[in-house]
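Asks: Here it is: the structure, laid out below.
The values are calculated or read from the model by the stated rules, or taken from the named source; none is laboratory data. The shown structure was predicted, so the numbers you read here are calculated from the model rather than taken from an experiment. Note: ideal-geometry Cβ built from the backbone for every residue, glycine included; neighbour counts use all protein chains shown. To get the accessible areas, we keep the full protein, side chains included, count just its heavy atoms, and leave off ligands, DNA and RNA. Shrake-Rupley method; radii C 1.70, N 1.55, O 1.52, S 1.80 Å.
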Amino acid sequence: MADTHKEWLEQLEAQSKAKQESFMTGIAKKLGRSRVTEPPAHPFRGAPDFWRTFQWPLEERIERFTEHFQAAGGNVERLNNLADVKSFVVKLAGEMDARYIVRQQESELDCLGLEEALPEAHLSVWNSDPSENWKVRAAEADIGIVMADYAAAYTGSITVLSAAHKGRSVSLLPTVLIAVIPLERLKTRLGEILIQFDDRGREELPAGIHFISGPSRSADIENDLTIGVHGPGIVYALLVG
């Protein structure tokens, strides 16, 4: 019985391969060329050498990032220092009448003193209270504030890493996201950012690596575009320095 079953499977495989050959030969004939039976040569792997060294000067990085991020529906502000960041957040919170704000537990954000500057808002610092349901807190927030770990000018994207003190929900769940980007973290190419994770090795990778290129955008099969379904509908990138 086993031999008969094996023979039957071999016949099915032979028939399948014959159909594949006939199908591919038919395509080649219609294209007016012979069948390609050997894999093509790949003399180059990965990015070419010129791309690995390609760099824009700082002002062009700022210009290109702004252009690309805004093209995706995001907002970009150029600020001089963290004091300007504080003023921007306070002004935006006032305009929105924001009641709930959540931010990462980062030293740069600690220095802003937003708790004192926004006494009427409930401002929470991620993972500062073990009894708090932080996903719920982030979901009800009007504004989420994060420090960007990197940004890429060529793609107009922000990179935010996850850790115990900087959960991804801060950038994912609030209505409005504010990402603070120190200019020294603004790179030309995404490859400059990714190579750093390769260098760290598997054991040193962060809990999450998130790329943000403007507000959440979703479209169904009829191309009906909706903003803010799977993330913040408004995103501000604050270039600082």
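Asks: Using 7 Å Cα-to-Cβ label points, what is the Phe197/Asn133 separation (nm, one decimal)?
Replies: Rounded to a tenth, the inter-label distance reads 3.1 nm.
Asks: Let me ask another. Modelling each spin label as a point 7 Å along the Cα-to-Cβ direction, I'd like the Leu58/His42 distance in nm, to one decimal.
Replies: 4.0
Asks: Considering only the other residues whose Cβ falls under 12 Å of the Cβ of Tyr100, what net charge follows from Lys and Arg at +1 and Asp and Glu at -1?
Replies: Details: positive: Arg99, Arg103, Arg137; negative: Asp97, Glu120, Glu140, Asp142.
Taking every Cβ under 12 Å from that of Tyr100, the sum is -1.
Asks: Turning to a different aspect of this structure: I want to check the label-to-label distance for Leu12 and Ile209. Put each point 7 Å from Cα in the C-beta direction and report it in nm to one decimal.
Replies: Spacing of the two 7 Å Cα→Cβ label points: 4.2 nm.
Asks: Only helices at least 30 Å long along their own axis, judged from Cα atoms, and with Kyte-Doolittle mean hydropathy of -1.0 or greater: name those in the chain from DSSP H.
Replies: Numbers: long enough: 2-31 (44 Å, -0.91).
Membrane-span-like by this rule: 2-31.
Asks: Right, here's the next one. Using packing as a proxy for protection, rank 154-165, 127-138, 187-198 so that the peptide with the highest average count of other Cβ atoms within 10 Å comes first. Don't jump to the answer; show the numbers that get you there.
Replies: Values: 154-165: 19.0, 127-138: 12.8, 187-198: 15.7.
Averaged packing, sorted descending, gives the order 154-165, 187-198, 127-138.
Asks: Same structure, new question: Please work out the FRET efficiency for the pair Asp49 and Glu120, using the Cβ-Cβ distance as r and a Förster radius of 51 Å; give the result to the nearest 0.05.
Replies: Efficiency, rounded to the nearest 0.05: 0.35.
Asks: Could I ask something else about it? For Lys19 and Arg33 in the same chain, what is the full-extension length gain: residue separation times 0.36 nm, less their Cα-Cα distance, in nm? Mind showing how you got there, number by number?
Replies: Values: separation 14, 0.36 × 14 = 5.04 nm, distance 1.93 nm.
Taking Lys19 through Arg33 to full extension adds about 3.1 nm, to one decimal.
Asks: How many Å² of accessible area per residue for region 114-160, probe 1.4 Å? Mind showing how you got there, number by number?
Replies: Working: 1990 Å² over 47 residues.
Solvent-accessible surface per residue comes out at 42 Å².
Asks: Can you give the FRET efficiency for His165 and Asn75, using 1/(1 + (r/R0)^6), R0 = 35 Å, r = Cβ-Cβ distance, to the nearest 0.05?
Replies: Values: r = 26 Å, r/R0 = 0.75.
For His165 and Asn75, the calculated efficiency is 0.85.
Asks: When the chain is treated as a GNM, springs tying every alpha-carbon pair under 10 Å, which of Asp199, Asp84, Asp149 comes out with the largest mean-square fluctuation?
Replies: Sorting by GNM fluctuation, first place goes to Asp199.
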